[in-house]
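S.K.: Take a look at the following structure, please.
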Amino acid sequence: MAKQIKVSLIGNPNTGKTSVFNLLTGLNQQVGNYPGITVEKKEGVCKLPRGVKAHILDLPGTYSLNASSLDENVVIEILLNKKDKDFPDVAIVVSDVENLKRNLLLFTQIKDLEIPTILVINMADRMKRKGISLDIPLLEKELNTKIALVSARKNEGIDELKKLILSYTSLPTKPCVNALTFAPEYFDRLKQAFPNQSLYKLWLVITQDVNFRKIDKQKPSVAPDFEIKSESELKRFQQKETIKRYQFINEVLKKGLVVDEKAATGMRAKLDRVLTHKFWGYFIFFAILLLIFQAIYDWSSYPMDLIDEGFAWLSEATRSALPSGPFVDLITEGIIPGLGGIVIFIPQIAFLFLFISILEESGYMSRVVFLMDRVMRRFGLSGKSVVPLVSGTACAIPAVMATRNIENWKERLITILVVPFTTCSARLPVYLIIIALVIPDEKIGWIFSYQSLTLMLLYFIGFGAAVGSAWLLNKMLKIKSKNYFVIEMPGYKIPLFKNVVINVVEKTKAFVFGAGKIILAISIVLWVLASFGPNENFNNAEEIIAAKYTDLSQEELDQKTASYKLEYSFIGYAGKAIEPIVAPLGYDWKIGIGIISSFAAREVFVGTLATIYSVGSDEEETIKNRMAAEISPVTGGPLFNLASGISLLLFYAFAMQCMSTLAIVKRETNSWKWPMVQLIFMSILAYSVALIAYQVLK
C-alpha cells in the first residue's frame, strides 16, 4: 500500500462535491491553479486509520468525459495520463441522490477507464423527505463498485467513505457497462491497430478533438490501414454511446431506486416559479444585488477605515521609533502604505464572497444564471457575468475574482476584460471634484440637478462600455468553446456555515498572497519615482523654497517643499515628458502627474493634486477652490473648464488606471498578455474619447 493514497474527487456541479472535500480534508487544504492554466485546483490531506494519509484532489465539476470547457478538459487530461503526478490511485465520484440518473453517466465513463472507483451518493438526509429508497447491495453489484451513502450536511457516512478509500486496492476495476458495442467493426479495427491500448481510452483521445480542442498527451498515431471517421460520424458515435449508457443506467435504477412521488413536497416548484418569473425573478435578483452592493460599498467602509487608520498609525509609529533616513522612508512611505493598499481590500472581497457563497450554497445562483443567461448571451457574456459586473461598481478586484464562477473560459475572459469599465468607487472622488468644478450647480424641474445627472450618466457610460466591449470581444476572440446551455436547478438548502467560511478564507488568501505581492512591488516603484529626483532642484528643495518664500509658516514651507520636490522628482519629469501627449486633451503637466500617480489607484489623483497645489489638505472643497483658480498657460482662461473637465471625466471613465486590477487580472489569466491588452485597449479608448470631447467642446 502506498504511504500516501492519491484520490481524485470527481462529480457533476452541485452534487455537494466541495462539501465532501471539506469534510475529508478539514482545514488541510490549499488552492492554486493547474500549471499553465487558470482553472482552480483544490487539494488537501485526509487522515485515514492506521496512520495512512490520502492526498485529495478536488477536480473541477464536469457532466461527462466529453469535454466542452477548460474545466472538463482538465479532468480528462489527468484521467487519461498515468504519468501525470495527479493521476489517482482511486477516483471518488460524488453524486446527488435526487439526480442519480444523470450523475451515473460520468460514473460509468470513469469506470470504463479501469480506475478503482468509489461511488458516493450524497444528500442522503433528503431521501426520506423526497420518498427515495435505494437498494445499496444491488446497486453495488450492478455498478461493480462500492457505494458510500453520505450526508455532507449532517456529516454522516464520511467514516465509511474513509474506510473504502483505505481499502481501495480491493475495489473492482472492470467496467460496469460495455458501451462501445454500437459500432463493432470500427472498434475491432481500432483494437487491432492499437492492441496494447485501453479501447475506451483510445476512444476518448480520438473524440476530444471533436468536442473541445486537441489533447496532445499520448495521442496515438494513426495506423496506415485504419479508417479515420469524420467529425459528424464521431459525434453520432458519441450520441450512440450516451444512449447505451443511459439504457444501462435506466435498467439499474429500475431495480435499485424507488421514488414515492406522494412523499415529495412541492415547495421547490413554487419557489422556482417565483424566482425565475419574468418580472418577479428580475425584481428579486436586483434587490439582492442591491444588498450585495450596499454591503461591499457601505458596510465594508467601517473595517476599511479601521485598516486605513491602523496602517497610518503603524507608519507614524515606525517613523517615530526608527532613526530618520532613506531606508526608514522606504518602510514608512513605501512598504507599509503598500501593504495597507493590499489589506484594505480584504473587507470588500470577504463581503463579496460571503454573499456569493451563500447564494451558491442555497441553490439560488443557478436560478440567477437561468434568468440572466438569455439577456447576457447576446453580448458574449454568461448569466454568471452579472454578479462580477455589478460588483465592479464597488471595486474591480473582487469583481474579477468573482468571474471564477463562470465555467466557459471565453465568457469568463470577456467578463474579466470588461469588468474594469463599470464605475468603481475609486472613480468617485475624481468624478465628484471634476463635476463640482465644471458642471453648473443648477436643477432641472426643481428635482434633478445637472451634477447628479452627470454622475448618473457616467455610471451608464461605464456599463454601456462594458457591454459594448463584450460584444466586440465576442466577435474578435477566436477562442474555440462550446456554448452548451446546461443549467441545473439544485434543491434549495440552508448554506453550510463551514463551507461558506472556508470559501471566504480561500478567496481572501488567494488575493492577499497572489495579487498582493505584485501590488506591493509596484507601490514601492511608484514611491521611489516620487521620492527621488535626478538633479539639484530636487536635492536642494528645502533651501530653494526657504530662500524664495521668507514670510511663510513652517507648515506652509513644508507644503511648498513637497510640491517642489514632486515637480522635480522622476515622476514629476515623467509628467512633463507626457505633457505634449496630454496637452491635446486640455491638460498640463500637473494633471499629467496626477494621471501617472493615480495608476496606483484612481483615488490617488485627488491627493496628488492636493500635493501639487500645496493646499496641505485633501478636503474636497479646499482642493476644488485651488483647482478653480488654476489658469491655463495656453488659453489664459481657467485650466479646468467644461471642455477639459468633460475630457478628464471621460478619460477616467474609460482608462484602466488601476495597477491592483491589472495585478488581479494577471493572476486570474495566468499571463501578462491579457492585462497588457486590457491596459492598451482601455488607454487608447480613453485617450481617443477624451481627445474628441475636448476638441469638440473647447
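The values are calculated or read from the model by the stated rules, or taken from the named source; none is laboratory data. This structure is a prediction, so every number in the text was calculated from the model and none was measured. Here Cβ is always computed from backbone atoms with ideal geometry, including for glycine, and neighbour counts include all displayed protein chains. We work out accessible area using only protein heavy atoms, side chains counted, and drop any ligands, DNA or RNA first. Shrake-Rupley method; radii C 1.70, N 1.55, O 1.52, S 1.80 Å.
S.K.: For Ser232 and Leu257 in one chain, what is 0.36 nm times their gap in residues minus the Cα-Cα distance, to one decimal in nm?
M.R.: My answer for the length gained is 5.4 nm.
S.K.: Cβ under 12 Å from Pro116's Cβ, Pro116 left aside: what net charge do those residues give with Lys, Arg +1 and Asp, Glu -1?
M.R.: +2
S.K.: For a protection proxy built on the mean count of beta-carbon atoms within 10 angstrom, sort 146-157, 281-292 highest first, please.
M.R.: 146-157, 281-292
S.K.: Also, I was wondering about something else. What shape does the chain have by the C-alpha gyration tensor, where a ≥ b ≥ c are the square roots of the eigenvalues, rounded means a/c under 1.5, and otherwise prolate means a/b greater than b/c and oblate the rest?
M.R.: In terms of gyration-tensor shape, prolate.
S.K.: While we're looking at this one, here's another question. How many nm separate the modelled label positions at Gln294 and Leu552, each set 7 Å beyond the Cα in the direction of the Cβ?
M.R.: 4.7 nm
S.K.: Say each of Val505 and Tyr302 gets a label point 7 Å from the Cα, pointing the same way as Cα to Cβ; how far apart are those two points in nm?
M.R.: Label-label distance for Val505 and Tyr302, simple model: 2.4 nm.
S.K.: Follow-up question, since we're still on this one. Could you report the accessible area of Arg189 in Å², rounded to 10, computed with a 1.4 Å probe on the protein chains as they sit in the structure?
M.R.: Near enough 80 Å² of accessible area.
S.K.: When we measure straight from the Cα of Lys191, which lysines land under 21 angstrom away, once same-chain ones fewer than 8 places off are left out?
M.R.: Straight-line reach from Lys191, under 21 Å: Lys82, Lys111, Lys174, Lys201, Lys217, Lys219, Lys229, Lys235, Lys240, Lys244.
S.K.: Still on this structure: Please give the contour-minus-distance gain from Asp188 to Met676: 0.36 nm per residue of separation, less the Cα-Cα distance, rounded to one decimal in nm.
M.R.: Stretched fully, the Asp188-Met676 segment lengthens by 170.6 nm.
S.K.: Describe numerically, in nm with one decimal, the distance between label points set 7 Å from Cα along Cα→Cβ at Val528 and at Ser452.
M.R.: Output for this residue pair reads 4.8 nm.
S.K.: What 222 nm value per residue comes from the helices of the chain, counting each DSSP H run with n ≥ 4 as -39,500 (n - 2.57) and dividing by all residues, nearest 500 deg cm²/dmol?
M.R.: Mean residue ellipticity, 222 nm, calculated: -17500 deg cm²/dmol.
S.K.: Counting Lys and Arg as +1 and Asp and Glu as -1, what is the net charge of the other residues whose Cβ lies under 14 Å from the Cβ of Leu639?
M.R.: Result for the neighbourhood of Leu639: +1.
S.K.: Please report the accessible area of Ser198 (heavy atoms, 1.4 Å probe, ligands and nucleic acids excluded) in Å², nearest 10.
M.R.: 40 Å²
S.K.: If you stretched the chain out fully between Thr318 and Gln197, how much longer would it get, using 0.36 nm times the residue separation minus the C-alpha to C-alpha distance?
M.R.: Going from the current span to full extension adds 36.9 nm.
S.K.: Calculate how many DSSP beta bridges within the stretch 41-134 are antiparallel, expressed in % of all such bridges and rounded to the nearest 5.
M.R.: Given both bridge residues lie in the stretch 41-134, the antiparallel proportion sits at roughly 50 percent.
S.K.: Restricting to bridges with both residues inside the chain, how much of the DSSP beta-bridge set is antiparallel, in percent to the nearest 5?
M.R.: Roughly 45 percent of the DSSP beta bridges within the chain come out antiparallel.
S.K.: Is the shape of the stretch 307-391 best called rounded, prolate or oblate, per the rule: a/c under 1.5 gives rounded, else a/b larger than b/c gives prolate, else oblate, with a ≥ b ≥ c the square roots of the Cα gyration tensor eigenvalues?
M.R.: Prolate, since a/c reaches 1.5 and a/b exceeds b/c.
S.K.: Here's something else I'd like to know. Heads up, I need the accessible area for Ile571: 1.4 angstrom probe, whole protein in place, Å², nearest 10.
M.R.: Result for Ile571: roughly 10 Å² accessible.
S.K.: On the protein heavy atoms, probe 1.4 angstrom, tell me the percent of accessible surface of the chain carried by carbon and sulfur.
M.R.: On the chain, the fraction of accessible area on carbon and sulfur atoms equals 61 percent.
S.K.: Taking K and R as +1 and D and E as -1, what net charge do the other residues with C-beta under 13 Å from the C-beta of Trp674 add up to?
M.R.: My count for the surroundings of Trp674 gives +4.
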